[in-house]
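Read-outs throughout are calculated quantities, based only on the coordinates presented, and are distinct from any laboratory measurement. Values in this document were obtained by computation on a predicted structure and should not be read as measured data. FYI the Cβ positions are ideal-geometry reconstructions off the backbone, even for glycines, and counts take in every protein chain you see.
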Amino acid sequence: MNFCIDTLPKPADNIMTEIDIDALQAELNHKSPRIILKKALGLFDNIAISFSGAEDVVLIDMALAIRKDIKVFCLDTGRLHPETYRYLEKVRKHYQLDLEILTPDHQKLDAFVKSKGLFSFYEDGHHECCALRKVEPLTRKLATVDAWITGQRKDQSVDTRQYIPEVQVDKTFSSEKHRLVKFNPLLNWSSAQVWDYIEAYQVPYNELHKRGYISIGCEPCTMPVLPNQHERAGRWWWEAETKKECGLHAGNLQAPSP
């Protein structure tokens, strides 16, 4: 596999408003992560990478070879594994990043916990908790950028991620006054390809991966998976497969059949 990455000059600030998303998607359809990242970072100056604290670290590694001034953010829900917190710090130091940590609105979160306790998601689903701990801080952040880059892959879910494109208007977080563009560079890569990259380039990874965790989220909602189990089997295991999105990619739940 060829992981060669070209450099790219910093883009201009004035070219994002009239981008034809359909034409851009046609151009990027089935292209490599490197090509998609290079295009995204070339088109948009005010763009950020969403880092989950898992194997999507490869996006950071690739992007820094294209452009040195990338913006990276991560959601701290307050319920992450200790290993994930240590990993975030490891990534920050390894890449010398100004890693932006997003946190929930403490007043809303305090009221929620006081009313429903710390583990209500086991009884009435994870969406209310995720809305407070993930979606609300992400909404605040995405209102300040023109585009964002995610680590979504098709092989992460046969139920909710099969029909996502390489680039799209993010209808979940766009508004009448603010069109937000979303890039999914790893879309067509398999988990094996991601790990080939991690091993080839000695990219730091979350130590939980050594203990059977594949898809890593909050500690109460994540568990290791058995051999040959799908990676999302370890997330919200008490809920139906079709509900295994936390709200960050809510548009996937309405993805049309081909």
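Quick look at the values:
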{"quantity": "For HIS178, net neighbour charge (Lys/Arg +1, Asp/Glu -1) across residues whose Cβ lies under 14 Å away", "calculated": "+3"}
{"quantity": "Local electrostatic count, LYS31, Cβ distance below 11 Å [Lys/Arg +1, Asp/Glu -1]", "calculated": "+1"}
{"quantity": "Filtered GluC sites (Glu not before Pro), the stretch 97-201: DSSP coil and at most 10 other beta carbons within 10 Å", "calculated": "GLU176"}
{"quantity": "Protection proxy ranking, peptides 130-138, 186-194, average beta carbon neighbours within 10 Å, highest first", "calculated": "130-138, 186-194"}
{"quantity": "Cα-Cα separations in the stretch 21-252 greater than 21 Å, expressed as whole percent", "calculated": "56 percent"}
{"quantity": "Residue pairs, from the table LYS38/LYS90; LYS154/LYS182; LYS114/LYS134, whose Cα atoms sit over 23 Å apart", "calculated": "LYS38/LYS90"}
{"quantity": "Distance in nm between pseudo-label sites at TRP238 and HIS30 (7 Å out along the Cβ direction from Cα)", "calculated": "4.3 nm"}
{"quantity": "Straight-distance crosslink candidates among lysines, where the alpha carbon sits under 22 Å from LYS93 and sequence neighbours closer than 8 are dropped", "calculated": "LYS68, LYS71, LYS210"}
{"quantity": "Pair TYR85, GLU123: separation of 7 Å Cα→Cβ label points (nm)", "calculated": "2.7 nm"}
{"quantity": "Projected label distance in nm at GLN96 and MET223, using a 7 Å step from Cα toward the beta-carbon", "calculated": "4.4 nm"}
{"quantity": "Packing-based order for 51-58, 67-74, 90-97, 19-26, using average beta carbon neighbours within 10 Å, highest first", "calculated": "51-58, 67-74, 90-97, 19-26"}
{"quantity": "Under 5 Å, built H, 5+ apart or other chain: amide partners of LEU102", "calculated": "CYS74, LEU75, ASP76"}
{"quantity": "Taking THR222, THR144 and counting other C-beta atoms within 10 Å, the order from fewest to most", "calculated": "THR144, THR222"}
